[in-house]
1. Between the label point of C:Glu132 and that of the same position in each other copy, find the distances and list them shortest first in nm, with every label point placed 7 Å from Cα along the Cα-to-C-beta direction.
2. Within 13 Å, Cβ to Cβ, of D:Ile193, how many net charges do the neighbouring residues add up to if Lys/Arg are +1 and Asp/Glu are -1?
3. Can you tell me the equivalent ellipsoid semi-axes for chain C? Use √(5λ) from the Cα gyration tensor, largest first, whole Å.
4. Where nothing but the Cβ of Lys and Arg (+1) and of Asp and Glu (-1) is charged, how large is the charge dipole of the protein assembly as shown around its Cα centre, in debye to the nearest 20?
5. Return the carbon/sulfur percentage of the accessible area of chain D, one whole number, probe 1.4 Å, all protein chains in place.
6. State, to one decimal in nm, how far the label point of D:Phe49 lies from the label point of A:Glu72, with both points 7 Å from Cα in the Cβ direction.
7. Mind jotting down a quarter of the surface of the convex hull over the alpha carbons of the protein assembly as shown, in square nanometres, one decimal?
8. Which ³J(HN,Hα) values in Hz, rounded to whole numbers, follow from the phi angles of segment D:145-157 under the Karplus curve 6.51 cos²θ - 1.76 cosθ + 1.60, where θ = phi - 60° and Gly and Pro get x?
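The values are calculated or read from the model by the stated rules, or taken from the named source; none is laboratory data. Every value quoted in this text rests on a predicted model; they were computed, and no experiment measured them. A quick note on method: Cβ atoms are made from the backbone with ideal geometry, for glycine too, and the neighbour counts reach across all protein chains shown. Ligands, DNA and RNA are excluded from the accessible area calculation, which covers all protein heavy atoms including side chains. Shrake-Rupley method; radii C 1.70, N 1.55, O 1.52, S 1.80 Å.
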Protein chains: 4
Amino acid sequence: MKKRARRKAERPAEILDAAFEEFVKNGYAATRLEDVAARASVTKGTIYFYFETKERVFDEMVRHKSRALFPELESYARSLEGPYKQRLHALIVFVYGKIAEDRAARETLRFLIAEGSRFPDLVDRHYDEFVEPVIDQFKSVIDGGIAAGEFRASPATAFPEIVMSPALLLSLWSMLFGTRRQIDVAAFTDASIDLLMKGLGLPD
Amino acid sequence: MKKRARRKAERPAEILDAAFEEFVKNGYAATRLEDVAARASVTKGTIYFYFETKERVFDEMVRHKSRALFPELESYARSLEGPYKQRLHALIVFVYGKIAEDRAARETLRFLIAEGSRFPDLVDRHYDEFVEPVIDQFKSVIDGGIAAGEFRASPATAFPEIVMSPALLLSLWSMLFGTRRQIDVAAFTDASIDLLMKGLGLPD
Amino acid sequence: MKKRARRKAERPAEILDAAFEEFVKNGYAATRLEDVAARASVTKGTIYFYFETKERVFDEMVRHKSRALFPELESYARSLEGPYKQRLHALIVFVYGKIAEDRAARETLRFLIAEGSRFPDLVDRHYDEFVEPVIDQFKSVIDGGIAAGEFRASPATAFPEIVMSPALLLSLWSMLFGTRRQIDVAAFTDASIDLLMKGLGLPD
Amino acid sequence: MKKRARRKAERPAEILDAAFEEFVKNGYAATRLEDVAARASVTKGTIYFYFETKERVFDEMVRHKSRALFPELESYARSLEGPYKQRLHALIVFVYGKIAEDRAARETLRFLIAEGSRFPDLVDRHYDEFVEPVIDQFKSVIDGGIAAGEFRASPATAFPEIVMSPALLLSLWSMLFGTRRQIDVAAFTDASIDLLMKGLGLPD
DNA sequence: GATGAATGAGGCTTCATTCAT
DNA sequence: AATGAATGAAGCCTCATTCAT
């Protein structure tokens, strides 16, 4: 039986998943590795067998959790066809779905904001791997749309990240005020798309 | 001499200002009251004379720092005149200036995101005092603009907070990536206004 | 009452004295600061109020304990008069008394041997403050004796430290085999002096 | 092939040799069995196959390393002929060579001093196997020399171990101050012999 | 025989909090 | 009011030891 070997191969991921939950619940500093261990059904020592320090657990946990975030972004973007308005619409829906609805994505954002100064490498990495590629895709579609005469060349096209801003608002809102006043994600997304399309588009 | 008395009266504020700097630098958990004391040129014991616990220091520090944020919002909003597009423009400029450029505002936002779950009252209070009033002002201008025929009734008008989203992006961007890639605040604000105006406005 | 202040001034020395006993009993690594604290009738935290780390406790303990070792060496050496044989005799008795009989001196030697590689500064300091000055005094008396025609110029006079060697043997012997076979310190000292005097002296 | 079997037979010695190096480097407590294992190119588990505990590893390592120290002492001593001064001279050279120059001997001495109280059996064993036999040989030669009229009956002859003391000084000196000020072993040995011969000998 | 994943007791260190002065 | 010495709970991390494979 490969029971032992199988367990071993899975241990790190199990620990990182447990760490995610605990860090989400308490933040970096207030999380005890002992609790992470208990949640992963191992002992403290086991964590240190796989990770050097608490910082490393956190760091690798964030990497682990954001690994699956946008693997298909480029292929998805490449698959887009038809009018640029339609492409942009599809891309926004695709990205907003991740940002606003995916729990791991939302909490990763919170981690970056809360602990970014302690983990500058993490911030760099996320900028390079997620922020910049996403912005580049938006930029590419918008520029294409301008070239095709579907969008107007406006000041906003110099800031393609602006397209992301409603998603960011949504994400932060659910973090902070989700329990107080829920925002209807679908309606908000629709509203954002409407606003952005009008804002970027040519006058009718 | 009132010097002594004046100093005494100023102590709490001095402590909270020192606390702000330390909490900004290290986050809630990693900040030592001893360092706060040193920065405020008092001793630990003095802090405990004015504040019951570290949590209270943090809580009151956030209140103290956000007190000055929007005292004039309502009077400013009431003073707005002329076409609604112009009013909205002015309001956006007014609010963006606070959100995106004011250090205390930016760090308060970070505190809420990072420590919000430990300080739910703080979140509630900020929602009631800042988020809701600001959104209400925007809502009021937008609704006025629709009634006046200056804006179209669009899905976005159901989410007046959407007007804030570029400012939020700007604020978070400077938190996270400010050292990596700076965004030109003025140009970004102009671009956002352009986008929002077109997005909300009637077709030409 | 200065009770508190008085205690405070004495605390560090009390802690270092307690540390000496514990480190003697268990060695550096096997000593728990908690036991040091208990012996000093304080708590662990108090030790850290006065000393940064366990290493510092050890380091300062050794300094503290060896401080009183040879304060009078130079004045004693200067006070020596009469024939050089007599001076050397007196100096040997003086130094052997310290090295072989003083518990703090013996244990300091053990600390240097056992933990020297972890505390190179300590070794340096003891070389400069104790070893070299003592050797210099011996060298000065021996050279004086040669000039005065009391001692012969022999190969051994190039190694004045050799005069210390019986004392060293005595010290190590009592460390290691003291419980097994005791050496009569007075008789051994006399024997050493006899040997050294004959060894350094002119043939009768 | 006996390769496998030979390796197996050599494992324990390889482990003890590795242990020697690590214990020398860090002392007993600060040495990790994991590092010993790595140096011996085995895993931790293997060490526990051959030795019950860390203490046993240390204990057997010291025995292993000091085994080869004086196997020929008695036969060498028996082979000595001629005048007793010459015999003593030869014996001193023989023993000093071991004590002062052999690394294993020097480090064993350090182990005994540093960890003796944790390993009293080790101290006993070394006393019985090395210290006493060596002293006995010196005693025998000195007593013979006195009977033969070559040495004078002096207080020092009651302490034959005194003959070892310069070697001890040399050994400790190289442990502690070897990197700071080297002592010329040959010259020091010559000086010691000169001193001892004069000290023990009859007046010319 | 050998491996190395897993355990868990134990020690160093930190720091919010207290309180005698 | 203010001080700062003292406390002690709590958490990170180490590593000797075990044992399933």
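1. Copy-to-copy label distances for C:Glu132: 4.3, 5.7, 7.7 nm.
2. +1
3. 39, 18, 15
4. Its charge dipole is roughly 1200 debye.
5. 51
6. 5.0
7. Here the figure is 54.2 nm², rounded to one decimal.
8. x, 5, 4, 7, x, 8, 10, 8, 7, 10, x, 5, 5
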